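Undergrad: Just passing along the structure, written as structure tokens.
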Amino acid sequence: MTDPIVEEFDLYLAPAEREMVERAKEFGQRVVAPGARAWEYERRHPTEALRAACAEGFCGIELSPAFGGRGLRFSTKMRVAEELARYDFGFAFSLLNHHNVTVRIAAGKSALAERLVPRMLSGEAIGCSAFTEPGHGSDLVGLTTLATKVDGGWTLSGEKAWICNAAVADVIITLAQTSPVAGSKGIASFIVEADRPGFLRQSAYALHGAHAIGVAGFRLENYFAPDNALLDPPGTAFKATLSGINGARCYVAAMCAGMLESAIGHAVRYAGERQAFGRKVIEFQGLRWSLVDVQTDLAAMRLLAYRAARQIDAGQSAEESAAYAKKFAGDRTIGHIAACIQVMGANGLRSDHPLMRHLAAAKTACFTDGTTEMMNERLGKLMMHRYLVADVDTP
Ligand SMILES: Cc1cc2nc3c(=O)[nH]c(=O)nc-3n(C[C@H](O)[C@H](O)[C@H](O)COP(=O)(O)OP(=O)(O)OC[C@H]3O[C@@H](n4cnc5c(N)ncnc54)[C@H](O)[C@@H]3O)c2cc1C
């Protein structure tokens, strides 16, 4: 039985969008569920499953039909991510990053887009976006990868760290500084191709819970990016990056909801069978109530994420709503998955169940696309504006 909140939201989707969500449910059960445990414990990036997802059309969700995509709304992507994250957060995150890079490159409408987008749509070439550096994470404006203008293009030098899909990626949207004194106004973005000289890939990081994300770093050493590889000129890249991040905050929140629902489902089924002191464990009121707390916050988590998604679909600012959704999801998912494990006793720790994998992935979600502290910073500024500047009427 589907959560009525989800059912109601899916009715808001158009038939073609709902069909995509149904397809994600089927793909999740058929491909992600049986593969997830092996991806985690064998420490491998699920490149073949990512390509299979592309073959099913998941890379074309928001992509313009002019490039062979479906041109569907943001909410479809969010719901697809939520459904896939029930089985593996890492896989869903990897797929969405690849999808987003494909859409961004297509929007550039360059000759490079004509060459790269069809390969990305089919999954032959994998994409990622690289903002973070070993010395700069939250403080993005401080990034030091340098882009120097030369005849016919730009020379890029620097190092990137913690990049989803970088372990295998072929096409990388890379932020670089064109003028160190200009701050955010000097930042531009470039399409970097991994098979060109000057791109040096580093080994994948071994993660817990989200290994399928394929996180790695790379160095650029005098990498030559031709003029047509400039995606966002200086002065526009920073803003473009931040607007994409609001969407990511919203779908990461929905992905947390997907994992949490998986965890509570496992816990309730287990506790409905397991006997202790002559009763089913679910009959102990304290344990049952702890699961009701989980279910209550799951509902709130979905409502926050779905509200942000509707705003994004409508072209409205989701800056505040997406930050609320991600902050709430990050904070609550960790404790609530731990509560589900507690209900299952020691058996909840075993890798036969996905709960420990979900728990570690939930911690990951507190860093991707802005840390919880960065959400607090943003929300704090908006709160001060609301009560101190806009003078909201309070009794
Ligand atoms: C699984 C995973 C996938 C990722 N994928 C990508 C990707 O695809 N592309 C990409 O570019 N990056 C990616 N990242 C990097 C991610 O964006 C950064 O981890 C994040 O921006 C935080 O940077 P940091 O880890 O360097 O922490 P830091 O910025 O070094 O922060 C350390 C701590 O200080 C806190 N802090 C910093 N500034 C403040 C402040 N002003 N006030 C209060 N607290 C503060 C932070 O919240 C954090 O708790 C990924 C990260 C993970 C974990």
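The values are calculated or read from the model by the stated rules, or taken from the named source; none is laboratory data. Here the structure is a predicted model, which means the values were calculated and not measured. So basically every Cβ, Gly included, is an ideal-geometry build from the backbone, and we count neighbours across all protein chains shown. SASA here: full protein model, heavy atoms, side chains in, ligands and nucleic acids out. Shrake-Rupley method; radii C 1.70, N 1.55, O 1.52, S 1.80 Å.
Undergrad: Within the stretch 76-94, how many residues are under 15 Å from ILE5 (Cβ atoms) and either within 16 Å of the ligand (Cβ to nearest atom) or touching a Lys or Arg at 6+ places or on another chain (Cβ under 6 Å) (or both)?
TA: Within the stretch 76-94, residues that are under 15 Å from ILE5 (Cβ atoms) and either within 16 Å of the ligand (Cβ to nearest atom) or touching a Lys or Arg at 6+ places or on another chain (Cβ under 6 Å) (or both) number 1.
Undergrad: Let me ask something else. Of the residues that sit in the stretch 273-293 and are open to solvent by 90 Å² or more (accessible area, probe 1.4 Å) and of a type in the set (A, V, I, L, M, F, W, C), which one is farthest from ILE334 (Cα to Cα)?
TA: PHE277
Undergrad: What's the total number of residues in the stretch 240-276 that are under 15 Å from GLY370 (Cβ atoms) and either of a type in the set (S, T, N, Q) or not in a helix (DSSP H, G or I) (or both)?
TA: Within the stretch 240-276, residues that are under 15 Å from GLY370 (Cβ atoms) and either of a type in the set (S, T, N, Q) or not in a helix (DSSP H, G or I) (or both) number 3.
Undergrad: Moving to a separate point now. Every residue in the stretch 296-309 that is open to solvent by 20 Å² or more (accessible area, probe 1.4 Å) and within 18 Å of ILE245 (Cβ to Cβ), please. Let's see the steps before the verdict.
TA: Narrowing the stretch 296-309 to residues open to solvent by 20 Å² or more (accessible area, probe 1.4 Å): 296-297, 299-300, 303-304, 307.
LEU304, ARG307 - these are the residues of the stretch 296-309 that are open to solvent by 20 Å² or more (accessible area, probe 1.4 Å) and within 18 Å of ILE245 (Cβ to Cβ).
Undergrad: Just to be sure before I move on: is GLY330 open to solvent by less than 30 Å² (accessible area, probe 1.4 Å), free of Cβ contacts under 8 Å to residues at least 24 places away in the same chain and part of a helix (DSSP H, G or I) in the structure I sent?
TA: Numbers: open to solvent by less than 30 Å² (accessible area, probe 1.4 Å): yes; free of Cβ contacts under 8 Å to residues at least 24 places away in the same chain: no; part of a helix (DSSP H, G or I): yes.
No, not satisfied.
Undergrad: Let me ask you something else. I want to confirm something. Restricting to the stretch 128-160 and keeping residues that are away from the ligand (no atom under 13 Å from the Cβ) and free of Cβ contacts under 8 Å to residues at least 40 places away in the same chain, which single residue is farthest from PHE367 (Cα to Cα)? First the steps, then the outcome.
TA: Taking the stretch 128-160 first, the residues away from the ligand (no atom under 13 Å from the Cβ) are 144, 146-157.
Now narrow it down to the ones that are free of Cβ contacts under 8 Å to residues at least 40 places away in the same chain: 144, 146, 148-149, 151.
Numbers: THR144: 21, LEU146: 25, THR148: 30, LYS149: 33, ASP151: 39 Å.
Here the residue is ASP151.
Undergrad: Got a number for residues in the stretch 187-220 being touching a helix residue (DSSP H, G or I) at 6+ places or on another chain (Cβ under 9 Å) and farther than 30 Å from LYS363 by Cβ?
TA: The qualifying residues number 4.
Undergrad: Okay, moving on. With respect to SER189, is the statement that it is within 30 Å of SER75 (Cβ to Cβ), open to solvent by 40 Å² or more (accessible area, probe 1.4 Å) and either in the same structural domain as TYR324 (by TED's automatic domain parsing) or within 16 Å of the ligand (Cβ to nearest atom) (or both) true?
TA: Values: within 30 Å of SER75 (Cβ to Cβ): yes; open to solvent by 40 Å² or more (accessible area, probe 1.4 Å): no; either in the same structural domain as TYR324 (by TED's automatic domain parsing) or within 16 Å of the ligand (Cβ to nearest atom) (or both): yes.
Judged against the criteria, SER189 is not a match.
Undergrad: Let me ask something else about it. Search the stretch 71-100 for residues that are more than 13 Å from ALA49 (Cα to Cα) and pair each with any residue that is open to solvent by 10 Å² or more (accessible area, probe 1.4 Å) and of a type in the set (Asp, Glu) when their beta-carbon atoms are under 6 Å apart and the residues are at least 6 apart or on different chains.
TA: Close Cβ pairs satisfying both conditions: ARG73/ASP313; PHE74/ASP313; SER75/ASP313; LYS77/GLU62.
Undergrad: Now a separate question. Would you confirm, using the coordinates I've provided, whether LEU359 is open to solvent by less than 20 Å² (accessible area, probe 1.4 Å) and either aliphatic (A, V, I, L, M) or free of Cβ contacts under 8 Å to residues at least 12 places away in the same chain (or both)? Can you show your working first?
TA: Working: open to solvent by less than 20 Å² (accessible area, probe 1.4 Å): no; either aliphatic (A, V, I, L, M) or free of Cβ contacts under 8 Å to residues at least 12 places away in the same chain (or both): yes.
Spelling it out, it is not the case that LEU359 is open to solvent by less than 20 Å² (accessible area, probe 1.4 Å) and either aliphatic (A, V, I, L, M) or free of Cβ contacts under 8 Å to residues at least 12 places away in the same chain (or both).
Undergrad: Moving to a separate point now. Restricting to the stretch 201-239, what's the tally of residues that are closer than 29 Å to ALA38 by Cβ and either part of a strand (DSSP E or B) or within 15 Å of the ligand (Cβ to nearest atom) (or both)? Don't jump to the end; show me each part of the working.
TA: Residues of the stretch 201-239 that are closer than 29 Å to ALA38 by Cβ, as a first pass: 201-218.
Right, trim to either part of a strand (DSSP E or B) or within 15 Å of the ligand (Cβ to nearest atom) (or both) and you get 201-202, 204-218.
Looking only at that region, the number is 17.
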